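Student: This is the structure, below, for whatever I ask next.
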Amino acid sequence: MARPNDVQSEDAIHRGPPVTVGRYGPGKRLNHWITASCLILLLLSGLSMFHPSLFFLTDLFGGGQNTRMLHPWIGVVLFLSFFIFFAQLWRANLPNRTDAQWVSQIGDVVKGHEERLPEIGKYNAGQKFIFWGMAFFIIVLIVSGIIIWDQYFGEATPIDVRRIAMLTHSVSAVLIILIFILHAYAAIWTRGTLRAMTRGSVTGGWAWRHHRKWLKELAGRGRIDPAE
């Protein structure tokens, strides 16, 4: 069971026992799960309209008409939720020299030889790739989605532009689905990661193994809660 101080302070070390490190506050976790839920709903509703063989998926949304109505509005919620998240985390996801070294040693990452890797801050290069990839494709999807949103913008753009927007929307949807799958797989594959988005904290051992530079920075800034 989580201790009370296990989830109270973000970016702070809690002495415990056991030692835990606050990684995400309640607001960020809620926003993350809203974004993830929207992506899943958009995947299902989008696929239902992509090919006749998948039309049965519209039953999840109350039929074809409801699916066509709900899909773009879910996209709007996704855009808003992700970019609140983006505003909070973009600075921590800026690339640096360590990222290049991390990528050059991707073999060690896959094999789990993290003792050979450079010390990592709050996010590694893979996490940054997912963050910026999601940001880019969500922008592309919302812009192309607005162009093909018949109810409100159907007469605002020429048919040729709408055709290009439809193709762009479809390709971007496939790519963001692949990024989402990569993100989910990495979170499950790296043991202890899901705890950050469910309980808000990680163990001290997890932080030392995977994001040692971040842990040292917190300790150096005195971000350590007193022991109880």
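The values are calculated or read from the model by the stated rules, or taken from the named source; none is laboratory data. In this text, all values refer to a predicted model and were calculated from it rather than measured experimentally. All Cβ positions, even for glycine, are placed from backbone atoms using ideal geometry, and neighbour counts span all protein chains on display. With ligands, DNA and RNA removed, areas are computed over all heavy atoms of the protein, side chains included. Shrake-Rupley method; radii C 1.70, N 1.55, O 1.52, S 1.80 Å.
Student: If I filter region 106-116 down to residues being open to solvent by 60 Å² or more (accessible area, probe 1.4 Å) and among the β-branched types (Val, Ile, Thr), which single residue comes out as modelled with the lowest pLDDT?
Tutor: Among residues in region 106-116 that are open to solvent by 60 Å² or more (accessible area, probe 1.4 Å) and among the β-branched types (Val, Ile, Thr), the one modelled with the lowest pLDDT is VAL110.
Student: Mind checking whether some residue in region 97-105 is without any contact (Cβ under 8 Å) to a residue 24 or more places away in the chain, open to solvent by less than 70 Å² (accessible area, probe 1.4 Å), more than 21 Å from ALA196 (Cβ to Cβ) and among the hydroxyl-bearing types (Ser, Thr, Tyr)?
Tutor: No, there is no match, as no residue in region 97-105 is without any contact (Cβ under 8 Å) to a residue 24 or more places away in the chain, open to solvent by less than 70 Å² (accessible area, probe 1.4 Å), more than 21 Å from ALA196 (Cβ to Cβ) and among the hydroxyl-bearing types (Ser, Thr, Tyr).
Student: For region 184-204, give me each residue that is in contact (Cβ under 8 Å) with a residue 40 or more places away in the chain and in a helix (DSSP H, G or I). Walk me through it before giving the result.
Tutor: Narrowing region 184-204 to residues in contact (Cβ under 8 Å) with a residue 40 or more places away in the chain: 186, 196-204.
Those that are in contact (Cβ under 8 Å) with a residue 40 or more places away in the chain and in a helix (DSSP H, G or I): ALA186, ALA196, MET197, THR198, GLY204.
Student: Within 30 Å of ARG15 (Cβ to Cβ), surrounded by 16 or more Cβ atoms within 10 Å (Cβ to Cβ), of a type in the set (A, V, I, L, M, F, W, C) and touching a residue at least 40 places away in the same chain (Cβ under 8 Å), is that true of TRP214? Let's see the steps before the verdict.
Tutor: Numbers: within 30 Å of ARG15 (Cβ to Cβ): yes; surrounded by 16 or more Cβ atoms within 10 Å (Cβ to Cβ): yes; of a type in the set (A, V, I, L, M, F, W, C): yes; touching a residue at least 40 places away in the same chain (Cβ under 8 Å): yes.
Yes; evaluated as a whole, the condition is true for this residue.
Student: Moving on to the next point. Return the total of residues in region 145-183 being under 19 Å from HIS51 (Cα atoms), in contact (Cβ under 8 Å) with a residue 12 or more places away in the chain and in a helix (DSSP H, G or I).
Tutor: 12
Student: Another question, then. Considering region 37-68 alone, what residues qualify as being without any contact (Cβ under 8 Å) to a residue 12 or more places away in the chain and aliphatic (A, V, I, L, M)?
Tutor: ILE40, LEU47, LEU54
Student: Conditions first: (1) at pLDDT below 95; (2) closer than 23 Å to ALA196 by Cα. LEU54 passes all but one, so which condition is the exception?
Tutor: Here LEU54 meets the rest and fails (2).
Student: Follow-up. Among the residues of region 84-94, are any among the small types (Gly, Ala, Ser), part of a helix (DSSP H, G or I), within 30 Å of MET166 (Cα to Cα) and open to solvent by less than 30 Å² (accessible area, probe 1.4 Å)? Steps first, please.
Tutor: Just the residues of region 84-94 that are among the small types (Gly, Ala, Ser), to begin with: 87, 92.
Now drop any that are not part of a helix (DSSP H, G or I), which leaves 87, 92.
Then keep just the ones that are within 30 Å of MET166 (Cα to Cα); that gives 87.
Narrowing further to those that are open to solvent by less than 30 Å² (accessible area, probe 1.4 Å): none.
Checked region 84-94: no residue is among the small types (Gly, Ala, Ser), part of a helix (DSSP H, G or I), within 30 Å of MET166 (Cα to Cα) and open to solvent by less than 30 Å² (accessible area, probe 1.4 Å).
Student: Might you let me know whether region 17-36 holds any residue that is within 18 Å of TRP214 (Cβ to Cβ), small (Gly, Ala, Ser) and open to solvent by less than 50 Å² (accessible area, probe 1.4 Å)?
Tutor: For region 17-36, residues within 18 Å of TRP214 (Cβ to Cβ), small (Gly, Ala, Ser) and open to solvent by less than 50 Å² (accessible area, probe 1.4 Å): present.
Student: Scan region 46-70 for residues that are closer than 17 Å to LEU167 by Cα and either charged (D, E, K, R) or under 20 Å from the mean Cα position of the chain (by Cα) (or both) and report the count. Step through it out loud before you land on a result.
Tutor: Taking region 46-70 as the starting set, the residues that turn out to be closer than 17 Å to LEU167 by Cα are 46-51.
Narrowing the set further to residues that are either charged (D, E, K, R) or under 20 Å from the mean Cα position of the chain (by Cα) (or both) leaves 46.
Total meeting the criteria: 1.
Student: Scan region 72-84 for residues that are free of Cβ contacts under 8 Å to residues at least 60 places away in the same chain, closer than 17 Å to ILE176 by Cα and not small (Gly, Ala, Ser) and report the count. Lay out the reasoning, then the answer.
Tutor: Of all residues in region 72-84, those free of Cβ contacts under 8 Å to residues at least 60 places away in the same chain come to 73-74, 77, 80-84.
With the extra rule that they be closer than 17 Å to ILE176 by Cα, the set shrinks to 74, 77, 80-83.
Now drop any that are not not small (Gly, Ala, Ser), which leaves 74, 77, 80, 82-83.
Looking only at that region, the number is 5.
Student: Do the conditions hold for SER37, that is, is it closer than 23 Å to LEU194 by Cα and at pLDDT 95 or above? So that I can check it myself, show each step before the final result.
Tutor: Details: closer than 23 Å to LEU194 by Cα: yes; at pLDDT 95 or above: yes.
Yes.
Student: Related question: Would a scan of region 47-68 turn up a residue that is in contact with a Lys or Arg (Cβ under 8 Å, 6 or more places away or on another chain) and surrounded by 14 or more Cβ atoms within 10 Å (Cβ to Cβ)?
Tutor: Quick first cut of region 47-68, residues in contact with a Lys or Arg (Cβ under 8 Å, 6 or more places away or on another chain) only: 49.
After this cut, where a residue has to be surrounded by 14 or more Cβ atoms within 10 Å (Cβ to Cβ) as well, the list is 49.
Checked region 47-68: at least one residue is in contact with a Lys or Arg (Cβ under 8 Å, 6 or more places away or on another chain) and surrounded by 14 or more Cβ atoms within 10 Å (Cβ to Cβ).
Student: Please state which of the following conditions GLU119 fails to meet, knowing it meets all the rest: (1) open to solvent by 70 Å² or more (accessible area, probe 1.4 Å); (2) outside any loop (DSSP other than H, G, I, E, B); (3) at pLDDT 90 or above.
Tutor: Here GLU119 clears every test but (2).
This table checks each residue for (1) of a type in the set (A, V, I, L, M, F, W, C); (2) farther than 23 Å from VAL174 by Cβ.
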{"position": "ASN93", "(1), (2)": "no, yes"}
{"position": "THR98", "(1), (2)": "no, yes"}
{"position": "GLY112", "(1), (2)": "no, yes"}
{"position": "ARG116", "(1), (2)": "no, yes"}
{"position": "PHE129", "(1), (2)": "yes, no"}
{"position": "GLY133", "(1), (2)": "no, no"}
{"position": "VAL143", "(1), (2)": "yes, no"}
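Student: For residues that are surrounded by 13 or more Cβ atoms within 10 Å (Cβ to Cβ) and not aliphatic (A, V, I, L, M), scanning just region 183-197, find the one that is nearest to LYS28 (Cα to Cα).
Tutor: Here the answer is ARG195.
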